[in-house]
Amino acid sequence: MDTDPYNGALGDYEEGTSTYRFIIEAVRDGVFVVNLDGTITYVNDSLCSLIGRERNELVGETFDTLVESALAHPEEFDRFGTAIHDLSDGEIQDKTLTFEIGQEPKRVVDVRVSTHVRDDGTEDIVGVVRDVTEHERRVRAAERKQEVLATLYQIGAENALTFEEKAERILSIGCEYLDLPYGFLSRIEEDTQEIVHAVGDHTLLQPDESAPIEQSYCRKTIESDDLVGMQDARAELGDDDPAYELFELGCYIGTKVLVGENLYGTFCFAAPHDRDREFTAGEREVIKLLGQWAGYELERQRFEERLEGLHEISQRLLAGQLPHPTQRLTSLR
């Protein structure tokens, strides 16, 4: 009886068998073969590494094994079973499916299955499994970024909302986007940081709370020419850093808020623990835009307040409540 899985599953290559074996074992993608009743007859090392199983745990079993071991969800296996059935009936020649496998953190894989006819006329299903986790993560991050930016635009365009209402909503959206519990807008005056708006329950990051700038994380943002993001603030600053000693924030990201060309303060997000990943380029871009939005809104608010002040003065002049400027000049003579 021929026990070589390459011959039995991938065809009777005879003289070329060793060549195919080398290629299949060398590829980074996972490769498997099942017969038409769903029994696994071959897997390569890449597939074993991807799903964390030994070859002898898979060959001779069915894909139900993956469901039972929680590597694949039942509904995902149903889609795979339907594809195998369609291939067996000749309804399709090949099909590509996308699955989430494993426990947290889950992996995302593309599985391309197609029929293979051996020289003796029997059929197998050959599958190629490609890990697309990073690609999917980037795609989903880009989609999420666009959703957040669209929401922020809508809030910014709501003329009925005050700056305070907009700031609170946008801070909440930023916290959800970054999966961080604290968000705050600070004002920097001389050597003091004052919290203007905030979300989260950190006792020192509440409206009207203040701290010396040298004891704040925001001093790093002010000193930098760019946004500052710290995945592990304790490691980057040190246990004896005055800001870490006071606020005990494990991670932090902040950007300057400029009103015109003048520094107003910072727009920041943080958490009491370090972050399991670095801040991505997309996340940094969103936070920069939030800081720019805050600066624009504050500048617009100040401009409107000046207009209202001028309007009030002109109304009082018309009502005779204030002396006309020419009268005041006369009286000065």
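The values are calculated or read from the model by the stated rules, or taken from the named source; none is laboratory data. No experiment lies behind these values; they were computed from the predicted model shown. Here the Cβ positions follow ideal geometry from the backbone for every residue, glycine too, while neighbour counts run over all protein chains shown.
Key figures
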item	result
Criterion violated by Leu161 - all others in (1) surrounded by 14 or more Cβ atoms within 10 Å (Cβ to Cβ); (2) assigned to a helix (DSSP H, G or I); (3) among the aliphatic types (A, V, I, L, M) satisfied	(2)
Elements of type strands (runs of 3 or more DSSP E) contained in the range 217-304, each with 3 or more residues being more than 28 Å from Arg137 (Cα to Cα)	251-259, 262-271
Neighbours by Cβ (under 6 Å, 6+ apart or cross-chain): first from the range 264-286, in the same structural domain as Arg300 (by TED's automatic domain parsing) and touching a residue at least 40 places away in the same chain (Cβ under 8 Å); second of a type in the set (Asp, Glu) and part of a loop (DSSP other than H, G, I, E, B)	Asp274/Asp232
Any hit, the range 140-149, residues being outside the structural domain of Glu168 (by TED's automatic domain parsing) and either of a type in the set (A, V, I, L, M, F, W, C) or touching a residue at least 60 places away in the same chain (Cβ under 8 Å) (or both)	no
Residues that are buried (at least 17 other Cβ atoms within 10 Å of the Cβ) and more than 30 Å from Leu178 (Cα to Cα), drawn from the range 92-114	Lys95, Val111, Val113
Meets criteria (under 34 Å from the mean Cα position of the chain (by Cα), modelled with pLDDT of 80 or more and crowded, with 20+ Cβ neighbours inside 10 Å) for Gly30	yes
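The rows are residues; the columns are (1) in the same structural domain as Asp276 (by TED's automatic domain parsing); (2) part of a helix (DSSP H, G or I); (3) more than 28 Å from the chain's Cα centre (by Cα).
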| site | (1), (2), (3) |
| --- | --- |
| Ile125 | no, no, yes |
| Glu176 | yes, yes, no |
| Phe184 | yes, no, no |
| His202 | yes, no, no |
| Gln206 | yes, no, no |
